[in-house]
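One structure is given here, and the rest of the page talks about it.
The values are calculated or read from the model by the stated rules, or taken from the named source; none is laboratory data. Model, not experiment: these values are computed from the prediction. Glycine gets a Cβ as well: all are built from the backbone with ideal geometry, and neighbour counts include every protein chain shown.
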Amino acid sequence: MRWACLLFPELALDAVLRRHPSPDAPLALVTGPAHRRVLYAVNTSAAALGLRSGMSVTAAQAVTTTCMLTEYDEEATARCRRLLAAWAYRFSSLVSTDLADAIVLEVAQSLMLFGPWPRFEAKLREELTDLGFRHRIVVAPNAHAARTLANLHDGLGVDDHAMERALGQVHVESSGLDVDVATTFARMGLRRLRQVFALPRDTIARRFPRTVLAHLDALRGADNTPLTCYQPPDWFDEKIDFDHEVELSTALLFPLRRLTSDLGVYLSGRDGGVERFVLRFEHEFVPATQIVVGLLAPERNPNTLFDLARGRLEQAPIAAPVRGMRLIARELPAFVPASRDLFDMRAQQAMPWEQLRERLRARLGDDAVHGVSMQLDHRPELAWSDTAPEKTTAAALADLRPAWLLERAIPWRGPAPLILAGPERIESGWWDSGDVRRDYYIVESAAGQRVWVYSPPNEVGPFMIHGWFA
Amino acid sequence: MSAALSLDQMLAERRVWRGQPTHAPAPRGLSTGLAALDAALPHSGWPPAALTEVLIPADGVGELSILWPSLAQITRDGGRVVVVAPPYIPYAPSWHLAGITLPGLHVVRAQGRDALWAAEQCLRSGACAAVLCWPAHADDRALRRLQVAAETGQALGFAFRSIKTLSNPSPAALRIAIETRPRQLRVVKCRGAMPPKHAIALSSFSY
């Protein structure tokens, strides 16, 4: 077993910044009860202005007024952790969020697929940077040791032997022990874990709570209690709250892109696609607006999902300024990648038909793209339908039929036409009260058009135009 | 010397007009199915990856029947034909009778500017082998967009327009006008060759 610990030292801050259009502007998270508001975390540019976490808000406002203050949202941070777990699940089946501020995943099994560790690590780092999370990565033979070493190191990889030595160097304050226990050790003159490990077990057991010995055992890999493994949920539900009311739909696009790319990450983690998702826009006083995005086939490409969602968003009326945006996807069928021909002649940058079809539907409406098929009926208006044809084609008709059919027949105007063929009697539909009795003729107009007309049975005229032979 | 172009290359790309018909091997286009028309066109068929304009005096004068052999060929080969905002219902039995494989035929409902947008998207995507559209009020710029989209997506674009627009300039690679009395078509413009002076007869009753 070999565990990688991905430590997110600034998770709460990153959870806000990654959705922020200008992440470099000074920003601080605020927490605490109303009478004692303190800064929870500050970003780099806020720190440059002299703000520190733990500072009271009044003090911070005395230092600078340009810093934006945002409420620390514990729930949003927890959601980010779940998203990261879902992302990590792509790389390993053993992913755990048990350890504080971090995600650990078992990587020994994954190395076969993702290549030697340096390449795998580079991939993890690249994707985490794309997702917008600062991180530290450490690999060790057990998860707890990896977590503790991540407090001090970044990019460290140790085997059993090196782990003992590396752990021995760790100061007790940063070893993951409780603060008062660490202080006690320090006062006993035990500054590094090496010295703590050298103590006889029974003295530790006598003087300290049981958890201390358990933690020390876990660090050395002697504790075999398994971690709770992450199981991806069967739905996706993400939410972004805005600090202020958003009035322009263009301002919604940036958060929308984050949501759809998170959805894409989540979907590829569970190797699924999405067939239908709902965008909910929450308002201050009026009920939430819902936009349903339906697809004909499961999809998971983040860009496609964003394009489609944007197409729907641009069309949809939104009742009021938006306070929050939520993306819910419950139907997550298995994703079957479209099979492509290796020797396909089409251009390289070609867009697959499925994507084009969804783009057209997004702008023109759900029923804008349809196929045509034949139906077994003699009545011309019922002999076609706008559904996609079945595999089996109906038997070919022997009679000539026009290429264009008029939705509704219109009366013939002008001089009497030249009859080229006919009459052809069509008499059908008495069983479903759509009774039709007509004599059809093929005629030529003065302008040279070939027209399909009908007249009442046994009468030549007046004619009704029903189609064009084009 | 990247700026220098070889003469052969320029001739092959048909950027030099030589004054008389040449027999330089042009990339063969998809046959129109009309032998006389094929013979008149430089690619021996529809200009590949380009827009073709079909000018008609009215609906129902055989404008689709000149496309049917090639559309049937495309759908038989597994290509996709998209009909964007047709003026009437494409009547399935008749299209089937013409040899078109119906699963390869798709219709897009759209109106006005959306129809132009949809046609451009379809042409540009590279997912469609042929796109039929009816840009009634399209100006020169809109047609040029369609032409560029057809080049990008390597698709055959067919734009049906009124014969009244004959005198307007058009960026289409090929312009064909259909006449009814007698039933014939004229090549008004074809890029890469002189349009033939004589009209090409259409079969007297070809649906």
Subject >> Count of residues meeting criterion [of a type in the set (D, E) and under 12 Å from the mean Cα position of the chain (by Cα)] in region A:228-270 >> reply: 3
Original post:
List pairs: first in region A:291-319 and surrounded by fewer than 14 Cβ atoms within 10 Å (Cβ to Cβ), second not in a helix (DSSP H, G or I), Cβ under 6 Å, 6+ apart or cross-chain?
Top reply: A:V292/A:V278; A:A319/A:V286; A:A319/A:T289
**OP:** Test each condition in (1) of a type in the set (A, V, I, L, M, F, W, C); (2) over 30 Å from A:V274 (Cβ atoms); (3) surrounded by 17 or more Cβ atoms within 10 Å (Cβ to Cβ) for A:F236 and report the one that comes out false.
**Re:** (2)
Original post:
Before we move on, is A:D217 part of a helix (DSSP H, G or I), of a type in the set (D, E, K, R) and over 22 Å from A:V104 (Cβ atoms)?
Top reply: no
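Here are some residues: B:R141, B:R191. Which one is out of contact with any Phe, Trp or Tyr (no Cβ under 6 Å at 6 or more places or on another chain) and within 20 Å of B:R14 (Cβ to Cβ)?
Just one listed residue meets the conditions, B:R191.
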Subject >> Hits in region B:64-105 (condition: among the charged types (D, E, K, R) and either in contact (Cβ under 8 Å) with a residue 60 or more places away in the chain or at the interface with chain A (Cβ under 9 Å from one of its Cβ atoms) (or both)) >> reply: B:R80
**OP:** Kindly check whether there is at least one residue in region B:122-132 that is in a strand (DSSP E or B), touching a strand residue (DSSP E or B) at 6+ places or on another chain (Cβ under 7 Å), within 13 Å of another protein chain (Cβ to nearest Cβ) and under 19 Å from A:L364 (Cβ atoms).
**Re:** yes
Subject >> Wholly within region A:369-470, strands (runs of 3 or more DSSP E) carrying at least 1 residues that are crowded, with 17+ Cβ neighbours inside 10 Å, within 8 Å of chain B (Cβ to nearest Cβ) and of a type outside the set (A, V, I, L, M) >> reply: A:404-411, A:450-455, A:464-469
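Answer yes or no as to whether A:R187 is of a type in the set (D, E, K, R), over 21 Å from A:R136 (Cα atoms), surrounded by 13 or more Cβ atoms within 10 Å (Cβ to Cβ) and in the same structural domain as A:L7 (by TED's automatic domain parsing). So that I can check it myself, show each step before the final result.
Values: of a type in the set (D, E, K, R): yes; over 21 Å from A:R136 (Cα atoms): yes; surrounded by 13 or more Cβ atoms within 10 Å (Cβ to Cβ): no; in the same structural domain as A:L7 (by TED's automatic domain parsing): yes.
For A:R187, the condition - of a type in the set (D, E, K, R), over 21 Å from A:R136 (Cα atoms), surrounded by 13 or more Cβ atoms within 10 Å (Cβ to Cβ) and in the same structural domain as A:L7 (by TED's automatic domain parsing) - is not met.
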Subject >> Single condition A:E282 does not satisfy, out of (1) surrounded by fewer than 12 Cβ atoms within 10 Å (Cβ to Cβ); (2) assigned to a strand (DSSP E or B) >> reply: (1)
Subject >> Test: A:D178 is touching a Ser or Thr at 6+ places or on another chain (Cβ under 6 Å), surrounded by fewer than 19 Cβ atoms within 10 Å (Cβ to Cβ), touching a residue at least 24 places away in the same chain (Cβ under 8 Å) and closer than 22 Å to A:L216 by Cβ >> reply: no
**OP:** Spot the failing condition for A:R276; the list is (1) among the charged types (D, E, K, R); (2) buried (at least 18 other Cβ atoms within 10 Å of the Cβ); (3) not in a helix (DSSP H, G or I), and only one is missed.
**Re:** (2)
Original post:
Looking at (1) within 24 Å of B:R145 (Cα to Cα); (2) more than 10 Å from chain A (Cβ to nearest Cβ); (3) out of contact with any helix residue (DSSP H, G or I) (no Cβ under 9 Å at 6 or more places or on another chain), can you tell me which one B:L37 breaks?
Top reply: (1)
**OP:** Check every one of the helices (runs of 4 or more DSSP H) wholly within region A:1-96 and list those with 2 or more residues that are over 24 Å from the mean Cα position of the chain (by Cα).
**Re:** A:44-48, A:57-63
